[in-house]
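In what follows, a structure is listed as structure tokens, so that the remarks can point back to it.
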Amino acid sequence: MVLSRYLDERVWLLNRQGKAAIAASAQGHEATQVACIEATDPSKDHYLIYYRQFTAMLALGTEPEEMLRGFLAKETEPMSAAKQFPLHGAHPRVDLFNFSNVIATQLPQAAGVALADKLRGSDAVTVVYFGDGASSQGDTHEAMNFAGVHKLPVIFFCENNRYAISVPLEKQMGIESVASRATGYGFPGVQVDGTDVIAVHEATSAAVERARAGDGPTLIEASVERLLPHTTDDDHTRYRSAEDIAHMSERDPLRITSDVLKRRDLLTEYEDDEIHSTAKKRVNVATDTVDAEPYPGVETMFDHILNDSDRNAEVFRNA
Amino acid sequence: MPEQTVIEAVRETMQAEMRRDDSIILLGEDVGSRGGVFLASDGLIDEFGENRVIDTPLAESSICGVALGTAVNGMRPIAEIQFADFVWPAINQLVGEASKVRYGTGGAKTAPMTVRIPYGGGVRGGLYHSQSIEVLFAHTPGLSVVAPATPYDAKGLLASAIRSDDPVIVLEHKRTYRLVKGDVPTEEYTIPIGKAEIKRPGTDLTIFTYGLMLHYALQAAEMATAAEIDVEVLDLRTLRPLDEDAIAESASRTGKALIVQEDTPAVSISSEVAAIIGERCFFDLDGPITRLGPPEIPPMPFSPLQEAAFMPSPEKILAAITKLAEI
Ligand SMILES: Cc1ncc(C[n+]2csc(CCOP(=O)(O)OP(=O)(O)O)c2C)c(N)n1
């Protein structure tokens with residue numbers, strides 16, 4: 001979580017320096033992402049993420065250098081060879097992917113991934129992440145309906161930060177909780193405090209158990225705070241009240257988590273400081289490395305159009 | 001005449017039209033207090049209120065379907081799709097439904113709706129914030145498609161779209177929003193849908209283009225004067241219906257046609273323009289109808305060198321001009 005925060009801050013800075021074209025931050029979402037991933041099994045489960053899953057990526061073993069290559073669009077970027085925005089493409093080691101920026105398209109795809117597992121008799125679980133805004137798309141409804149009909153081993157994980165860019169929850173839906181919709185699809189929906197690692201871990205573990213046992217989907221809604229504007233292109237003072245912004249930090253999961261750990265004597269001041277300074281150093285090293293790396297050259301832009309990409313490359317290089 | 005950017009012209013046109021006609025409403029994601037992600041509707045919610053400037057849920061099918069519903073019931077909606085790359089969920093409501101309302105009801109119902117869509121690349125938008133989607137709509141009978149490239153045209157064509165009794169897709173190249181400035185009269189005016197314009201007269205060859213590429217073509221035409229090549233630049237402005245007469249007139253007169261577009265060439269606007277020139281100007285041509293566009297790969301890579309290699313540029317256009325002029 002601490003590493004994620006520092007790296008996330010660095011990426012924002014790199015944007016301000018003109019080096020990273022765009023960034024969406026996970027600041028405020030860290031606890032929920034770490035706790036959710038911890039309850040799953042990366043050796044066999046599937047993860048369909050969206051652009052805000054910065055911490056989840058790290059929790060799944062992505063190196064800071066690999067993350068930075070996405071933001072700085074460098075040659076050895078592992079997810080899409082820098083064809084796509086950061087956090088888009090497919091992970092080189094775990095089954096994590098994010099095909100597009102088009103909101104909510106990942107939900108029906110997740111139902112499909114889970115259907116394939118069910119048909120093959122695998123006990124793998126599919127976790128699909130989405131925001132409160134994404135819950136409005138037709139794709140979301142269609143995916144949940146399909147998963148409900150077929151009792152698929154899928155976890156619909158909503159990170160509800162109450163804003164879709166500028167649109168607040170009350171303009172997004174006529175109800176207060178996304179989780180309450182699950183009833184309409186015939187599976188359980190649970191609401192958890194997304195700043196509480198224990199609560200998120202428990203809720204996800206229960207959903208994983210249910211899915212592996214063949215009992216079907218669960219919808220989890222974790223309430224979190226989006227601590228920064230939507231992306232580096234946004235300015236949230238245009239639509240968030242000064243009061244709202246002033247109170248944001250009360251829901252900072254980093255502070256909350258370290259307070260809890262210290263209160264339970266699971267973390268000392270000294271250890272906390274160590275974690276912070278190690279993370280800072282890690283981020284500095286990664287930045288120096290990746291900053292010096294080259295961009296992808298033109299040749300490789302013709303790769304992977306179709307299976308016969310060599311033919312494509314030949315045709316279009318000559319065009 | 002005040003100088004404006006394209007985005008300012010768009011905003012002031014919507015504002016003026018909304019003052020003139022209170023059946024006009026705006027619908028879209030973040031169009032309210034955020035003022036739209038490109039600030040096209042900045043301040044409009046303060047003037048017209050939440051009933052006329054509606055921040056919708058994040059769902060393009062309902063943005064366009066709801067707009068269509070209001071249109072067949074007495075309103076004149078302007079729907080905003082945040083980025084062209086996100087119009088796909090709404091294709092059913094636009095290409096499938098809105099386009100056929102008049103025809104399919106024997107004229108009993110009409111859909112006076114405008115859909116504004118920022119499109120195009122060269123903005124480090126990667127695969128999903130750079131797409132050109134004009135062909136989908138330009139292929140569809142029952143829709144009109146305009147693609148203004150200057151502040152003056154943005155105002156005149158948007159006003160025509162809003163006043164049209166049928167659905168009009170307004171494609172605004174997002175790179176032109178702040179890049180392109182020009183004089184815009186304060187008084188109201190419209191530009192007829194379906195009329196191209198010669199943005200630069202010339203005698204040796206004609207470039208047919210639209211959108212951001214208009215500006216690159218004008219730069220290339222200027223660069224070509226050094227080699228004493230006199231290039232005409234025709235701005236298509238409307239992509240459906242294409243101004244066939246203007247296209248044929250210019251191609252016949254200069255005898256050489258270079259069609260430049262940012263969209264991938266296969267089965268595209270340039271294919272259609274080439275067909276028109278082939279059908280109508282065959283005996284007047286002094287060289288092959290030539291097309292310049294990006295390679296046939298998904299538009300467009302995020303990394304900077306590859307994006308630049310993908311995009312047509314003034315230099316690439318100049319090279320094509322020189323080659324064609326030599327024939
Ligand atoms: C289909 C589609 N429409 C619009 C957008 C533009 N857009 C990108 S993010 C976003 C808001 C998403 O909000 P939410 O789902 O709540 O996720 P959050 O960013 O708050 O985590 C919008 C409207 C998009 N990417 N895809």
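The values are calculated or read from the model by the stated rules, or taken from the named source; none is laboratory data. Computed from a predicted model, the values in this text were never measured in an experiment. Quick reminder, even Gly has a Cβ in these numbers, built from the backbone with ideal geometry, and neighbours come from all protein chains shown. Ligands, DNA and RNA are excluded from the accessible area calculation, which covers all protein heavy atoms including side chains. Shrake-Rupley method; radii C 1.70, N 1.55, O 1.52, S 1.80 Å.
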A:Glu38-B:Thr225 pseudo-label distance in nm [points 7 Å out on the Cα-to-Cβ vector]:
6.9
First obtain the Kirkwood hydrodynamic radius of the protein assembly as shown from its Cα pairs, then insert it into the Stokes-Einstein equation at 37 °C and 0.692 mPa s, and state the resulting D in µm² per second as a whole number.
125
For chain A, dividing by residue count, accessible area per residue (probe 1.4 Å) in Å² works out to 42
If I stretch the segment between A:Glu209 and A:Asn284 completely, what's the gain in nm (0.36 nm per residue apart, minus their alpha carbon distance), one decimal?
23.1 nm
Give me the residues in the stretch A:126-161 whose solvent-accessible area, probe 1.4 Å, is reduced by at least 50 Å² once all protein chains are included instead of the chain isolated.
A:Gln137
Dipole of the protein assembly as shown, Cα-centred, from +1 at each Lys and Arg C-beta and -1 at each Asp and Glu C-beta, to the nearest 20 debye?
720
Note the count of lysine pairs whose C-alpha atoms are less than 17 angstrom apart in chain A, limited to pairs 8 or more residues apart or on different chains.
5
What lysines does B:Lys323 reach when the alpha-carbon gap must be under 18 Å and sequence neighbours fewer than 8 apart in one chain are set aside?
B:Lys256
Work out from phi, with θ = phi - 60° and the Karplus expression 6.51 cos²θ - 1.76 cosθ + 1.60, the ³J(HN,Hα) of each residue of the stretch A:192-203, listed in order in whole Hz, and give x for Gly and Pro.
10, 7, x, 8, 9, 4, 5, 5, 5, 4, 5, 4
Going by amide H atoms built from the backbone, whose H comes under 5 Å of the H on B:Val145, apart from near neighbours?
B:Ile169, B:Leu239, B:Arg240
Whole-Hz ³J(HN,Hα) from phi, Karplus 6.51 cos²θ - 1.76 cosθ + 1.60, for the stretch A:62-79, glycine and proline x
5, 7, x, 4, 5, 4, 5, 4, x, 6, 9, 6, 8, 3, 9, 4, x, 7
The stretch A:46-92 and the stretch B:210-235 have their Cα centres apart by a whole-number Å value of 41
Give the carbon-plus-sulfur fraction of the accessible surface of the protein assembly as shown in %, rounded to a whole number; probe 1.4 Å, heavy atoms of protein chains only.
53
Please compute one quarter of the surface area of the Cα convex hull for chain B and express it in square nanometres.
16.3
Nearest 10, in degrees from 0 to 90: the angle of helix B:151-163 to the longest Cα principal axis of chain B is 50
Using the charge dipole of the protein assembly as shown (Lys, Arg: +1 at Cβ; Asp, Glu: -1 at Cβ; taken about the Cα centre), state which of A:His141, B:Pro57, A:Thr237 has its Cα farthest towards the positive end.
A:His141
Using a 1.4 angstrom probe, figure out how much accessible area the stretch B:261-306 has per residue, in square angstrom, rounded to the nearest whole.
43
Take peptides A:54-62, B:115-123 and line them up by average Cβ neighbours within 10 Å, highest first, as a rough protection proxy.
B:115-123, A:54-62
Dipole check, the protein assembly as shown, charges on Cβ (K,R +1; D,E -1), about Cα centroid: among A:Asn160, B:Gly182, A:Val34 the Cα furthest to the positive pole belongs to A:Asn160
Built amide H within the under 5 Å cut-off of A:Val192, gap 5+:
A:Glu221, A:Ala222, A:Ser223
Using Cα centres only, tell me the gap between the stretch A:184-201 and the stretch B:185-209 in whole Å.
58
What is the spin-label model distance, in nm, from B:Lys181 to B:Thr110 if the labels are put 7 Å beyond Cα along the C-beta direction?
4.0
Percent antiparallel among DSSP beta bridges with both residues in the protein assembly as shown, to the nearest 5?
20
Please give, to one decimal in nm, the separation of the simple spin-label points placed at A:Thr183 and B:Ala275, each 7 Å out from Cα toward the Cβ.
5.5
Sort the following peptides by mean Cβ neighbour count (other Cβ atoms within 10 Å, averaged over residues), highest first: B:282-293, A:212-223.
A:212-223, B:282-293
Value of [θ]222 nm, deg cm²/dmol, for the protein assembly as shown, DSSP H segments ≥ 4, -39500 (n - 2.57) each, nearest 500:
-11500 deg cm²/dmol
Amide H of B:His173: which non-local residues (sequence gap of 5 or more, or other chain) have their own amide H closer than 5 Å, using H built in the peptide plane?
B:Tyr119
With all protein chains present and a 1.4 Å probe, the order of A:Ile165, A:Ile198 from largest accessible area down is A:Ile198, A:Ile165
Debye, to nearest 20: dipole size of the stretch B:48-113, +1 on Lys, Arg Cβ, -1 on Asp, Glu Cβ
420
Rounded to 5, percent antiparallel among DSSP beta bridges of chain A
15
Over both sides of the B-A contact, add up the buried accessible area with a 1.4 Å probe and give it to the nearest 100 Å².
3100
Over the residues of the stretch A:2-318, compute the C-alpha Rg and express it relative to 2.2 N^0.38 Å.
1.02
For the stretch A:57-176: rounded, prolate or oblate by the Cα gyration tensor [a/c cutoff 1.5]:
oblate
Grab the beta carbon distance between A:Leu267 and B:Thr203, set R0 = 56 Å, and tell me the FRET efficiency rounded to 0.05.
0.10
Rank by packing, highest mean first: peptides B:40-48, B:105-113, with packing defined as the count of other Cβ atoms within 10 Å averaged across residues.
B:40-48, B:105-113
Cα lying deepest toward the dipole's positive end in the stretch B:197-325, options B:Ile229, B:Phe283, B:Ile247, charges on Cβ
B:Ile229
Average partner chain C-beta neighbours within 10 Å, per residue of B:17-30?
1
To the nearest whole number, what is the average tally of beta carbon atoms from other chains within 10 Å of the beta carbons of peptide A:233-244?
2
About the Cα centre of the stretch A:2-318, what is the dipole size in debye to 20, counting +1 per Lys and Arg Cβ and -1 per Asp and Glu Cβ, all else neutral?
480
What is the average number of partner chain Cβ atoms found within 10 Å of a Cβ in B:302-314?
6
Rounded to the nearest 10 Å², what accessible area does B:Met213 show when all protein chains are kept and the probe is 1.4 Å?
0
